[in-house]
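The values are calculated or read from the model by the stated rules, or taken from the named source; none is laboratory data. Predicted model only: the values in this text are computed from it and were never measured. Note: ideal-geometry Cβ built from the backbone for every residue, glycine included; neighbour counts use all protein chains shown.
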Amino acid sequence: MDDKQFRRLLEYLDLSWAGYRKVRKGVKKRIARHMEGLGCHTMDEYLLTLEGPPALRLECERLMAISISRFFRDRSLWQTLEDMILPEILKRNLDSVRVWSAGCACGEEVYSLKISWERLRARHSQMPLLDLVATDLNPLYLDRAKSGIYPRSSLREIPEEIRPTYFERQRGKGHFAVQTFLKDGISWQEHHLLSDPPENNFHLILLRNNLLTYYKEEIIDPALKRVATCLTPEGYLIIGAREKIPSLPAKLTPLKDHPCIFQNRH
C-alpha cells in the first residue's frame, strides 16, 4: 500500500495525514492484513467493502487506533494532578468525584489515577468515592486493562520502592499485576470519541492519549464541544501535552503555566 492509497483511506475515515505521517508504516501493515482477510486487492475494493456492514468499518477504525501509553506518562502533569487539581476538587466536599478517561487504551492512565488517588488518601482523613469511567474504541485494549497485567517497561516511571504497594510481580513472566484494590470503582466501556459521551457531570476528563491528533480539524471541534458539555462547573479537561487544538469551546480556559489543562469557567 503506497501513501496515495493510505491517504484515500484517511480521507474516507475523516482522519488526518499529519497525525499519521510518522506512524503510518505500522498502521499500513495492519490495514493490508485486514484487506487481505476480506479478499480486497485494491483500495477501491476495500472502501466499497467498508460501505457494507457497520462492523467492518468499526474494525477498520480500531486497526487505525494508535496506543502509546505507560504509567505516569508525562510525570510533571501527574505531579500537577496530585499537588493542585485533585486537592482543589477535594476541597469541594463532594460525596463522589467523577472522572472520565477517554481513549484509555490498555488502562495505564486509569490505574495511574487510582494510584494518585490512593496517595492522596494517605494525606486526608476523609475521601469521597472515586467514580471512574474508562472508555476506548478497542475491546481488546479494554480486556487487557481489566486484567491489569503489564510488562516491566510500562512501570518505568514508578519508583521501585513503592511498586509492591500497588503491583504484584507475576512469577517468571517479567510482568506485574495491579493490586486488586486498584480495580475498585472503575467502569470499563467501549466507546467511540465521535459518538455521544457515555455519561456526564464529570469533575475531571482525561483526553490525553493523542486522540485528537489523528482527526481532521473539522471533526475535532464538534467532538471537543460534546466532551466539554460533560464537565461540571469548574471541572477540568486535560489533553495530551503535544496536542494542537484548532479551537476551544469558549467556556474552557487554560490554566496559567499549564497549557494542556483547561477549566470549565461557567
- request: Only one of these is farther than 24 Å from Ser67 by Cβ and in contact (Cβ under 8 Å) with a residue 40 or more places away in the chain: Leu207, Leu142, Leu129. Name it.
  value: Leu129
- request: Those residues that are modelled with pLDDT of 95 or more and among the hydrophobic types (A, V, I, L, M, F, W, C), I need them from segment 126-146; list them, please.
  value: Leu129, Leu130, Leu132, Val133, Ala134, Leu142, Ala145
Residues satisfying the stated conditions in segment 135-179, i.e. assigned to a helix (DSSP H, G or I) and of a type in the set (D, E, K, R): Asp143, Arg144, Lys146, Arg152, Glu160, Glu161, Arg163
- request: Could you identify the single residue in Ile162, Ile85, Ile149 that is within 17 Å of Leu182 (Cα to Cα), more than 17 Å from the chain's Cα centre (by Cα) and at pLDDT 95 or above?
  value: Ile149
- line: Within segment 98-126, residues outside any loop (DSSP other than H, G, I, E, B), touching a helix residue (DSSP H, G or I) at 6+ places or on another chain (Cβ under 7 Å), hydrophobic (A, V, I, L, M, F, W, C) and under 18 Å from Ile68 (Cβ atoms) come out as Ala102, Val110
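Let's see how each residue does on (1) touching a strand residue (DSSP E or B) at 6+ places or on another chain (Cβ under 8 Å); (2) within 14 Å of Ala102 (Cα to Cα); (3) surrounded by fewer than 19 Cβ atoms within 10 Å (Cβ to Cβ):
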residue	(1), (2), (3)
Lys173	no, no, yes
Leu182	no, no, no
Ile186	yes, yes, no
His191	yes, yes, no
Ser195	no, yes, yes
Asn201	yes, no, yes
Glu218	no, no, yes
Arg226	no, yes, yes
Pro249	no, no, yes
- prompt: Quick check: is even one residue across segment 42-54 surrounded by fewer than 18 Cβ atoms within 10 Å (Cβ to Cβ), more than 16 Å from the chain's Cα centre (by Cα), modelled with pLDDT of 95 or more and assigned by TED's automatic domain parsing to the domain that holds Arg226?
  reply: no
